[in-house]
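Structure, as structure tokens:
The values are calculated or read from the model by the stated rules, or taken from the named source; none is laboratory data. Bear in mind the structure is a predicted one, so any value in this text is a computation, not a measurement. Neighbour counts are summed over all protein chains in view; Cβ atoms, including those assigned to glycine, are modelled from backbone coordinates with ideal geometry. What goes into the accessible areas is simple: the full protein's heavy atoms, side chains included, and nothing from ligands, DNA or RNA. Shrake-Rupley method; radii C 1.70, N 1.55, O 1.52, S 1.80 Å.
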Amino acid sequence: MTGILFLTTALSLNAVKDGVAKILGANYSPLMLVWIHLVFASLVLVPIVWKKYGKTMVIPRPLGPQTLRCALFILGIGQFYWSLNYIPLADTTAMVFIAPFVVTALSPLLLREKLGLHRTMAVIVGFIGMLVILRPDLGGERIGYVIGLGAGCSLGLFYIANRKLAAAQPQLAAVTYTAMIGVLLLLPTVPFTWAAPQMDDVGLLSAFLVLATVG
């Protein structure tokens, strides 16, 4: 029951965050939004992990797989925000929900997990239910759907990477590693994507950062 409550809360917070991101997308690039999100998350999470698990746990291990997982996260979230510039939020969300299909299809190959009819049907029924709820009208620009589909595939691979690395560290540390490594990976792009925050956007940017980190 606790897990379901956390999941429901996370999905709700992220849904609001995505709406805020669509508004901010008019003035700020997707990579800038991802970068400031990861900077804020690092500042919040690193002290928590340090205190809870000790300073050695702050160092990402194994570095290569952790970096790959972070790159998939950046690619997925960046494409998600990018697609919001072309298509409605409901349509982007529908495209991203291809991620469970990616996980289900690749689990036997990458995770050595049996697929099973029940698991497959659950994913299909869940996807259909999502479409019924969101009712995407597919009225945006075609490029937006291609980008959104790419976001879903990238996030599906990110979820698989999470599963593969689940035993390497506590989940809180895994989230922290993603934020830390992401800040460094995106640092070279900052001079090209940075836009000075406008005073009118401070409230929205603050809400975006808090929702993204907590969600």
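Regarding Thr104, is this residue at pLDDT 80 or above, open to solvent by less than 30 Å² (accessible area, probe 1.4 Å), of a type in the set (Ser, Thr, Tyr) and assigned to a helix (DSSP H, G or I)? Criteria not met by Thr104.
Listed by first and then second residue, the pairs with beta-carbon distance under 8 Å, at least 6 apart or on different chains, first residue in the stretch 149-167 and more than 21 Å from Leu84 (Cβ to Cβ) and among the charged types (D, E, K, R), second open to solvent by 50 Å² or more (accessible area, probe 1.4 Å) and assigned to a helix (DSSP H, G or I), are Lys164/Pro65; Lys164/Leu110.
Within the stretch 22-44, count every residue that is open to solvent by less than 40 Å² (accessible area, probe 1.4 Å), among the small types (Gly, Ala, Ser) and under 19 Å from Asp200 (Cα atoms). The number of residues fulfilling the criteria is 2. Restrict the check to the stretch 37-48 and report whether at least one residue is out of contact with any helix residue (DSSP H, G or I) (no Cβ under 6 Å at 6 or more places or on another chain), touching a residue at least 12 places away in the same chain (Cβ under 8 Å) and not β-branched (Val, Ile, Thr). Within the stretch 37-48 (the criterion being out of contact with any helix residue (DSSP H, G or I) (no Cβ under 6 Å at 6 or more places or on another chain), touching a residue at least 12 places away in the same chain (Cβ under 8 Å) and not β-branched (Val, Ile, Thr)), the answer is no, since none of the residues qualifies. Every condition in (1) within 24 Å of Ile160 (Cβ to Cβ); (2) open to solvent by 20 Å² or more (accessible area, probe 1.4 Å); (3) touching a residue at least 40 places away in the same chain (Cβ under 8 Å) holds for Gly76 except the one numbered (2).
Just checking: which of the helices (runs of 4 or more DSSP H) contained wholly in the stretch 107-215 hold 2 or more residues that are within 17 Å of the chain's Cα centre (by Cα) and modelled with pLDDT of 85 or more?
So the answer is 142-164, 171-186, 202-214.
Across the stretch 56-88, the number of residues qualifying as farther than 30 Å from Arg142 by Cα and either touching a helix residue (DSSP H, G or I) at 6+ places or on another chain (Cβ under 9 Å) or not in a helix (DSSP H, G or I) (or both) comes to 10.
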